[in-house]
Every structure is written in C-alpha cells, then in structure tokens.
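Here is the structure we will look at, set down as structure tokens.
Every number here is computed from the coordinates shown, using simple stated rules; none is lab data. Predicted, not measured: the structure shown is a model, and the values here were computed from it. All Cβ positions, glycine included, derive from the backbone under ideal geometry; neighbour counts span all protein chains shown.
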C-alpha cells in the first residue's frame, strides 16, 4: 500500500524512493510524474543477485555514463561507487549486517561528502549510526567526532 502511494504521488524533481521492510524492499526511480524503473528485493536486478538492491545517484540500469564521472568517489573520477559496492556484495557468501556495514563504509563505496551513515534492523536488533572520516571538516577521525549509538 505504501509503495503504491509513493508510486502514484507527484513530485517536483526526479529522485529515488528506497523502501524497506522485513525481508522485503523496493527502490523506485522516480520522475516527477511516475515510476521510471523499479528494483525489487528477491527478484533479479541489473548486475546483482536477488538478495540485495542498490542505488547510488545514477540510473545504472540504463547504463548512465555519468556514474563514471562522479567526483565524490574517494578514488576520483572513473571509479563508480556502485560498481565497487556490487563487487563486494556479489563476492559475499551471505548478505549479513556486518557485510552491509563494511560495504557502506568501504573507501571505494563511501562518497567524499558522506557525513552520516546508518544501518538499522529490527530483526537483527541493530542500530549502527556513524560519522565517517570527513575531509571537509579537516579529516577528523571517528574518535574525534561526537559519539554514536551502536546497539
């Protein structure tokens, strides 16, 4: 019902809706008027297994060349963060909370302007919010930043 409501809503700009629930999830690539593409957990999606869905800032399912010019990659232009994430995920035997966090915190995946990242799971009784190293704030290490809650 929620997915249908977001699918039918009108928006002012293109964007992605990422909706997750217990053992289900969908990413809606939205135009202002409708859904342009849908990635569904449990189904075969472009360049990935059926046990995860992923999106960064580019429509990779349409071979969006702009992802190769993403200046927010910690390795610089020519190193798409989504491809790095999919290599890590596809090489994992199982998608666990530990694997997911290691992927979103990987230098090849994290954007240079990432200031906050979180992973939450009711099933795993997990709440992991972190402030990764921030180049814009003088390269403060994790220990120098405000504490975060990890349960």
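Give me the distance in nm between label points sitting 7 Å out from Cα along the Cα-to-Cβ direction at residue 77 and residue 111, one decimal.
Taking the two extended label points, one gets 1.8 nm.
Based on alpha-carbon centroids, what's the gap between the stretch 77-127 and the stretch 26-65 in Å, whole number please?
16
Under Stokes-Einstein, with the Kirkwood radius over Cα pairs standing in for Rh, what whole-number D in µm²/s applies to the chain at 25 °C and 0.890 mPa s? Write down the numbers at each step before the final one.
Working: Rh = 16.9 Å.
Translational diffusion coefficient: 145 µm²/s.
So which residue, out of 55, 35, 12, gets the largest mean-square fluctuation from a GNM of the chain using Cα contacts under 10 Å as springs?
For the chain, modelled as a Gaussian network with Cα springs under 10 Å, the answer is 12.
Among 1, 98, rank each residue by its count of other Cβ atoms within 10 Å, from fewest to most, as a rough exposure measure.
On the way: 1 5, 98 14.
Listed from fewest to most nearby Cβ atoms, that is 1, 98.
Who wins for biggest fluctuation among 85, 94, 13 in a Gaussian network model of the chain, springs between alpha carbons below 10 Å?
13
Does anyone have the angle between helix 81-90 and the longest principal axis of the chain? Alpha-carbon axes, 0 to 90°, nearest 10?
Approximately 90 degrees, to the nearest ten.
Among 34, 105, 70, 123, which comes first, second and so on when ranked by fewest other beta-carbon atoms within 10 Å? Present the calculation step by step, with values, prior to reporting the outcome.
Numbers: 34 12, 105 16, 70 20, 123 8.
If I rank by nearby Cβ atoms, fewest first, I get 123, 34, 105, 70.
Pick from 95, 54, 27 the residue whose mean-square fluctuation is largest in a GNM of the chain, springs joining Cα atoms under 10 Å.
It is 95.
Using the 10 angstrom Cβ neighbour count as an exposure proxy, how do 49, 110 rank, fewest first?
Ordered by Cβ neighbours within 10 Å, fewest first: 49, 110.
Could you work out the helix-only [θ] at 222 nm for the chain, with each DSSP H run of four or more residues adding -39,500 (n - 2.57) and the total divided by the number of residues, to the nearest 500 deg cm²/dmol?
Working: 3 runs with 25 residues, N = 151.
Helix contribution divided over all residues of the chain: -4500 deg cm²/dmol.
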